[in-house]
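Structure first, commentary second.
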Amino acid sequence: MNNDLVLLINDIYKIDNENILDKIIEYCDVNDLDIQEVGDILSESEDFKNILYKDCVKSNVIRDEVLSNKMKRTQKIFKW
């Protein structure tokens, strides 16, 4: 992952929203950036795509029962 991509992801995560999609949209609005260009940059990272997918499942944007069940089970481990 290149340094510019890491900085972009860090800046996006600083936005105060519950899910990553909303963070990206607000980041683009605040910084007057084209969301398509930002999306193209972010899509270069397979790690980010995985994080985005899991976040979308967690926030019920994407339905993936298998992943959702796995995440619920592992969440109990972290609380333990």
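Please verify whether the range 5-13 includes one or more residues that are assigned to a loop (DSSP other than H, G, I, E, B), without any contact (Cβ under 8 Å) to a residue 12 or more places away in the chain and either under 18 Å from SER59 (Cβ atoms) or of a type in the set (Asp, Glu) (or both). No - not one qualifying residue is present in the range 5-13.
Take the range 37-46 and flag every residue that is under 15 Å from the mean Cα position of the chain (by Cα) and assigned to a helix (DSSP H, G or I).
Here is the first cut: in the range 37-46, the ones under 15 Å from the mean Cα position of the chain (by Cα) are 38-46.
Passing the criteria: VAL38, GLY39, ASP40, ILE41, LEU42, GLU46.
State whether the residues of the range 60-70 include one that is surrounded by 13 or more Cβ atoms within 10 Å (Cβ to Cβ), modelled with pLDDT of 80 or more and in contact with a Lys or Arg (Cβ under 9 Å, 6 or more places away or on another chain). There is no residue in the range 60-70 that is surrounded by 13 or more Cβ atoms within 10 Å (Cβ to Cβ), modelled with pLDDT of 80 or more and in contact with a Lys or Arg (Cβ under 9 Å, 6 or more places away or on another chain).
The values are calculated or read from the model by the stated rules, or taken from the named source; none is laboratory data. Since we're looking at a predicted model, the values are computed, not measured. Cβ sites come from the backbone with ideal geometry, for glycine too, and all protein chains shown count toward neighbours.
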